[in-house]
Every structure is written in structure tokens, then in C-alpha cells.
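Let me begin by presenting the structure, written as C-alpha cells, before commenting on it.
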Amino acid sequence: MSESWSPKPADRVVRHPREDDIKPIRLTVTARRVPSKFAATPLLMVYTFLGLVAIGTLLLLLPFTHHGSGLTPIMTAVFTSTSAITGTGLVVEDTALYWTRIGQVIILGLIYVGGLGFMTIATFMMILIGQRVTLAQRLLVRESLMINQLGGIVRLTVGIVIVATLIQVIGFLALFSRFYFLYPVPEAIWQAVFHSVSSFNSAGFSVFLEADQLIAFRGDIPVMGVMSVLTFIGALSYLVIIDLVRLRKFSLFTLNTKLVLVMTLAVSVISIAGFMISEYSNVDTIGTLSFTDKLVASVFQGISLRSSGFTIADLGYANQHTNFLTSGLMFIGGTSASVAGGLKVNTLAIILLSVVALIRGRNHATAFGRELPASLVQRAMVLGTVSVAFMFLVVFLLTISEGAADLSAIVFEATSAFGTVGLSTGLTPNLSVVGEWLIIATMFVGKLGPLTIGLTMAQRTEHDLYRYPQERVTIG
């Protein structure tokens, strides 16, 4: 057997390096950019909107933004800025009479930025701040817009801005073609621009010169029709609009689009029929109109009361059951990832489907041949529970701060703020300072609260490391 040879110690040659053989080693330190947790958190949208509210408040504080001398009262500026950014429309001062044209332009800009911001500002700010959209940020944007792909975020943002602007331009042209015969050309242009943007973004702000504002147009089918269509489209969300334009066939739509269309149609029919039946004989609202005008007014009001807050009747004189129904519809709001606030019809649809499944003894909720993930059902249930609890707290606090006010009026005003609708029975201008702050907080939570909670839950989904033994509890 041969053995492997290894050199003996004497055979090894050890060569010590000379001084000129030693070369310095260059250490290159590459700074690696760590993704910002701030940019990836769902609270980024909250911080962004708070910043927009602050900017709007500072602009509206300027003395030349309102009629009269001195600076704008701080509460008026904060309330109006929050209402415009969130697209609510509740006001403590008449927009047409209190604010100058410059002030109205600032309000219009806040409405436009706020409407786009709900759908795109998170993405846009991530691009600006991070210079590169990380995976965590793409996941956040995907959840907020309810899309499946991670790529194309920049292109999607640009597309949303283009589509939103195009729809509002078309609305402007349609309204201008009518206002041209009612106002001087410069005023007709301004009225068309303002109400096109306000309608599409479900803001509910109005600058009509007529003493009774929009009530003067309740028999004007062109104006009512254009504003209703803009409001309806704005509350659908761009993802649904894209499905409608690209696929054009109900069977090809995504489950989200199907649920949105069915729920929106159902809620709209209930709101239109409910308003017309409840107020048909009320001479203080639509009781004195012809049947055609009643129908037009009911269609407009039924669409408006879920999101935009435009009104063709003084709801302070509406029947109590009408306002009660309206409060429930305002609480539901519009569609997720749209300009509308509230609980959202998507969330309501998931809750109803899960309840129906449990009643029928099924373990999983289904719709249109698709099963809803259990995690999605749980998130919808949490959102519904938190929203109801929040509204209960707000109403309770308002009953303390506005002790002399009627409870039904307080509930109406609170749900109007939470749904970012902007309808009012007349309580908002008479609120105390504490009541104004409560409504400001409610508008903000109604706009961003459900989305932020949902995104936070989606990011913190974890598998249980251990489970406790089960034990039954008596219910029912």
C-alpha cells in the first residue's frame, strides 16, 4: 500500500514577505439604503392628509380668503379645510357668501387634491420619499387600491390622475353648456368647474349664486343629471371603472366589481325609492312638485345622500323616518378605494354574505362562484364592529357637548360626517367648539379610518404559534 507523501518540516520553504510586497487593502463601504418604516406604514396616508389639512388651514386663514376684515377664525379654517380634504361638504359658513373667489379656489384645490389623494397620494408620496417603491410599499398600495399586481404602480398612479381629470373635464363641458345660458361667461365657467370637481369628488360644496342654492335647480334635468352621473361615478372607484371599460361583460368582471355593482344598485334603489315614498306628500321638501320633478329630485337625492351631500330640499324639514333611513345609508358610504367615505359597500357585502353563510350552516362565504377568504371576512367584521363602536362614542359625546340638540339631528350629523357626505339638518353651524372638533375627527376617521385599520390588519397577519384549549360560552 502506497502512502501519501507529505513534506518534512525541513523540506518546507518559508518565505517572509518583503516590505515592498505588502500592498494596502482598500475597504470600500457601500451605504445600503434601508427602507423607511415610515413610508411603508399605513399611517403614511394619515400623516399625508393631516399635512394637507394643515396647509389648507393656513391658506384659509389669510385675510383675503373671506369677506370682512382680519384673519379667518381658526375653527372656521380648520373645519372647512378638513371638510374639503375629506370631501365631506359640511360647513360652518356658507361657501358662496363667506369665502371670496380666492378662498373658493383654495377650497376647490383642496377638494381636488383630497379626492385624488385617497386613491393615489399614498403611492405618489412613496415614490417621492423613497425614490424607489419597495416591496413593502407595493404591498401597501396593492391593499389600499385592492389590486392584485405589484408592478405598474407608477403607471397606475398616472393613469388614475388622467382618468380623474378627463371625467371632470367632460363634466365641466356638460355643465358649462347649461350654465352658459344662465350666467355671464366667466361666472358660467367658474360654476361649471367648481361643481364638476365637487360632484365627482363627492364633496358637496356649492357656490351657486341663487339664494336657495341647489334647490333652485331641482327641476333642471340637465344640471341634476350631470351632477348625479359625476357623483355616481366618483363613488364607484377607478378599479370598477376600469373593469367596466375594459371587460364590458358582467361575467368577466372581478368579484370586487360584481359585488360593488350589485350592492351599489341595491342601495341606490333603496335610497331613491325610500326618499320619494317618504317625502312624496311633504310640502316642505318635494310635496309641491309635479310627479316628474319629484322623480328627478328623488333620483338626484337618492344618489347624493350616500356620498356627495348635495341636497334639493331642506332636510331640517324632512320627515324623521326619512332622515333615519338617510343616516343608515350615509353610514354605509361608497366604494372602497373611491372618493367616498363610510363603512363602504364592499365591506357591507362581505359581512352580509358571511352572515347568510352562517345562517345556512355553511363554513365559508361565497358569491358568484367564488369563496371569500376567511381573513377577509374577519377584517370586514372588525371594520364593521369598530365603525359602529366609533359612531356610538361620537354620538354619545355629541349628546354631552350639544345637550340642547335633538338626538336624531345629532345622529344625522355624525353619520353624515363619518360617511363624508355633508348633508345637514342645520345643526353643524350651531355646534359648540367641542362639537366642531368631534365632527372634524369624525370626518377624518370616516375618510381614512376604515382603510387604515384594514391595511394595518393585513400587514400584521401572523400564524398562531400556539392555541389554547377550547371552551364553549353561552350565546343567544
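All of (1) of a type outside the set (G, A, S); (2) surrounded by 24 or more Cβ atoms within 10 Å (Cβ to Cβ); (3) in contact with a helix residue (DSSP H, G or I) (Cβ under 6 Å, 6 or more places away or on another chain) hold for T326 with one exception: (3). Considered as a group, the residues in segment 208-224 that are hydrophobic (A, V, I, L, M, F, W, C) and buried (at least 17 other Cβ atoms within 10 Å of the Cβ) include one that is farthest from L289 (Cα to Cα), and that residue is F208.
Here is a yes/no grid of residues against (1) within 22 Å of the chain's Cα centre (by Cα); (2) not hydrophobic (A, V, I, L, M, F, W, C):
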| residue | (1), (2) |
| --- | --- |
| E413 | yes, yes |
| S416 | yes, yes |
| V421 | yes, no |
| N430 | no, yes |
| V433 | no, no |
| G446 | yes, yes |
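As a summary of the residue check, G341 satisfies the conditions (1) touching a Gly at 6+ places or on another chain (Cβ under 6 Å); (2) of a type outside the set (S, T, Y); (3) more than 26 Å from S307 (Cβ to Cβ) except for the one numbered (3).
Could we say that T157 is out of contact with any Ser or Thr (no Cβ under 9 Å at 6 or more places or on another chain), of a type in the set (S, T, Y) and part of a helix (DSSP H, G or I) here? Judged against the criteria, T157 is not a match.
Within segment 337-352, not a single residue is free of Cβ contacts under 8 Å to residues at least 60 places away in the same chain and touching a Lys or Arg at 6+ places or on another chain (Cβ under 7 Å).
Could you please let me know if G403 is surrounded by fewer than 21 Cβ atoms within 10 Å (Cβ to Cβ) and farther than 19 Å from A84 by Cα? Step through it out loud before you land on a result.
Working: surrounded by fewer than 21 Cβ atoms within 10 Å (Cβ to Cβ): yes; farther than 19 Å from A84 by Cα: yes.
Yes.
Answer with yes or no whether S281 is surrounded by 17 or more Cβ atoms within 10 Å (Cβ to Cβ) and of a type in the set (S, T, N, Q). Break it down into steps so the answer makes sense when it comes.
Numbers: surrounded by 17 or more Cβ atoms within 10 Å (Cβ to Cβ): no; of a type in the set (S, T, N, Q): yes.
So S281 does not fit the description; no.
Out of all the residues in segment 282-312, which are within 21 Å of M330 (Cβ to Cβ), among the aliphatic types (A, V, I, L, M) and in a loop (DSSP other than H, G, I, E, B)? Correct list: I286, L305, I312. The residues of segment 361-397 that are without any contact (Cβ under 8 Å) to a residue 24 or more places away in the chain, polar (S, T, N, Q), surrounded by fewer than 12 Cβ atoms within 10 Å (Cβ to Cβ) and not in a loop (DSSP other than H, G, I, E, B) amount to a single one, T385. Filtered by the rule that a residue be among the aromatic types (F, W, Y) and either in contact with a His (Cβ under 7 Å, 6 or more places away or on another chain) or part of a loop (DSSP other than H, G, I, E, B) (or both), segment 189-210 gives F205, F208. Here V394 fulfils each of the conditions (1) modelled with pLDDT of 90 or more; (2) over 16 Å from I439 (Cα atoms) apart from (2).
Between L398, L383, L431, the distinction of being farther than 19 Å from V91 by Cβ, out of contact with any strand residue (DSSP E or B) (no Cβ under 6 Å at 6 or more places or on another chain) and not hydroxyl-bearing (S, T, Y) belongs to L383 only.
Each row is one residue, and each column tells you yes or no for (1) under 25 Å from the mean Cα position of the chain (by Cα); (2) among the hydrophobic types (A, V, I, L, M, F, W, C).
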residue: V226; (1), (2): yes, yes
residue: S268; (1), (2): yes, no
residue: D284; (1), (2): no, no
residue: G287; (1), (2): no, no
residue: R306; (1), (2): yes, no
residue: N319; (1), (2): no, no
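Residues in segment 35-54 that are modelled with pLDDT of 80 or more, surrounded by fewer than 16 Cβ atoms within 10 Å (Cβ to Cβ) and either aliphatic (A, V, I, L, M) or touching a helix residue (DSSP H, G or I) at 6+ places or on another chain (Cβ under 9 Å) (or both): L50, A54. Take the conditions (1) closer than 14 Å to A164 by Cα; (2) part of a helix (DSSP H, G or I); L236 misses just one of them, which is (2). Of everything listed in (1) crowded, with 21+ Cβ neighbours inside 10 Å; (2) farther than 30 Å from D406 by Cβ, the single unmet condition for G341 is (2).
The values are calculated or read from the model by the stated rules, or taken from the named source; none is laboratory data. This one's a predicted model, so the numbers in the text were calculated from it and none came from an experiment. Positions of Cβ are generated from backbone atoms using ideal geometry, with glycine treated the same way; all protein chains shown enter the neighbour counts.
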